[in-house]
Amino acid sequence: MSAQAALLSLRSFNLFSGWPEVASMTKDEFDDYLAAKGLFWKNRPCPNCHEPRSITHEISESGEPIRFKFECYKRKCKASRLVVKVGLLKDTFFEGLHCDRKKRFLFSFLYVTSSMKVEEMARNVEVDPNTCVQWGQWIRDVMAENFNNPAIQIGGVEEDFFLQLAPIDETNIVKRKHNVGRMVRDGWLVGGIQDGTRSVFVEITGRRDQASLEAIITRYVTRGTTIRTDCWGGYNGLAALGYVHETVNHSLNFVNPTTGVHTQRVESLWSQLKKEIKPKCGLRGDNWDDHWFQALWMFKYHEESKFYELWKQISEKYPLN
Ligand SMILES: [Zn+2]
């Protein structure tokens with residue numbers, strides 16, 4: 001079975017039919033289970049002799065041997081200038097984490113499928129809440145990255161798109177740890193949703209002018225798409241860029257009486273997301289943008305298997321080949 005097909009099996013993973021099998025595995029068996037899905041190294045060939053390296057074990061705190069690193073023991077390889085040993089977790093999602101990978105796997109399931117609070121998840125996976133906070137951050141990093149991939153454009157000819165610029169309180173936006181500079185403190189949120197779908201894009205820009213707006217839209221939205229906006233003048237160049245542009249003056253009414261255009265859908269999405277974020281960190285705070293992307297991610301994959309989507313995106317963020 002290909003890694004892709006094996007990964008697809010996570011779509012039907014649940015606490016009855018998926019978890020008991022995982023729970024009964026040894027640590028090595030679980031690493032093989034991950035490797036079969038492209039989430040962990042199967043083996044890493046030696047850069048000198050190009051043959052699979054041996055796996056060195058170390059003894060864990062509980063006295064169980066666990067895999068530790070890949071190493072080639074051939075004399076000629078050890079004598080070469082190439083690096084013949086490499087840590088087991090190097091370049092994987094698990095790098096920097098010397099703790100039970102099974103627990104982390106279960107945590108990720110609870111994180112995307114349940115509404116448990118951190119303390120409840122910590123009790124269920126038997127680690128301390130601070131560890132869970134850190135794990136949650138790593139998951140949110142993956143989710144945020146999902147919305148920063150303009151390689152995939154949305155919209156299309158005969159597709160309707162609702163677009164809106166929304167001001168963001170400057171205290172809401174912080175620089176993200178791992179992508180310094182991607183976010184700006186004083187921002188405007190440019191976001192859109194394709195009508196009748198859960199395809200969304202969102203980007204935060206420091207400048208509210210036509211050029212910045214157009215740069216963002218052309219990155220995310222396919223030309224030919226019908227874009228519906230309010231009457232702000234910054235949208236006036238959209239037709240020249242190859243979009244069909246329709247407006248509605250929503251200070252007067254949500255639906256333009258002549259064209260039937262409305263911008264309600266994107267507005268109700270923003271307010272729904274804000275409602276979800278508020279109990280987590282208020283409407284301001286250090287993690288506001290992360291929680292924003294998380295809520296948006298949950299919306300986007302509402303009808304999919306979120307557990308599968310998460311691990312598929314992890315496998316794309318950490319390609320192992
Ligand atoms: Zn070798």
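The values are calculated or read from the model by the stated rules, or taken from the named source; none is laboratory data. Given the structure is predicted, the values throughout are model-derived calculations rather than measurements. FYI the Cβ positions are ideal-geometry reconstructions off the backbone, even for glycines, and counts take in every protein chain you see.
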Give, as residue ranges, the helices (runs of 4 or more DSSP H) completely inside segment 53-156 that count at least 1 residues that are within 22 Å of the chain's Cα centre (by Cα) and buried (at least 16 other Cβ atoms within 10 Å of the Cβ).
101-113, 118-125, 129-146
Scanning segment 26-36 for residues that are touching a residue at least 12 places away in the same chain (Cβ under 8 Å) and of a type in the set (A, V, I, L, M), the one farthest from Arg104 (Cα to Cα) turns out to be Ala36
Would you please list the contacts, defined by Cβ atoms under 9 Å and residues six or more apart or on different chains, that run from a residue in segment 184-206 that is on the phi > 0 side of the Ramachandran plot to a residue that is at pLDDT below 75 and surrounded by fewer than 20 Cβ atoms within 10 Å (Cβ to Cβ)?
Gly196/Glu159; Gly196/Asp160
Can you run down the residue pairs with Cβ atoms below 8 Å, 6 or more apart or on separate chains, where the first is in segment 13-25 and more than 16 Å from Tyr308 (Cα to Cα) and of a type in the set (Lys, Arg) and the partner is at pLDDT 95 or above and surrounded by fewer than 11 Cβ atoms within 10 Å (Cβ to Cβ)?
none
Looking at segment 1-21, which of the residues that are crowded, with 16+ Cβ neighbours inside 10 Å and aliphatic (A, V, I, L, M) is modelled with the lowest pLDDT?
Ala3
I'm told Glu71 meets every condition in (1) in contact (Cβ under 8 Å) with a residue 24 or more places away in the chain; (2) within 16 Å of the ligand (Cβ to nearest atom) except one. Can you identify the failing condition by its number?
(1)
Whether any residue in segment 96-106 is away from the ligand (no atom under 14 Å from the Cβ), farther than 26 Å from Lys317 by Cα, without any contact (Cβ under 8 Å) to a residue 24 or more places away in the chain and of a type outside the set (D, E, K, R) is what I want to check.
no
Extreme residue, nearest to the ligand (Cβ to nearest atom), among residues of segment 37-51 that are surrounded by fewer than 17 Cβ atoms within 10 Å (Cβ to Cβ) and touching a residue at least 12 places away in the same chain (Cβ under 8 Å)
Cys49
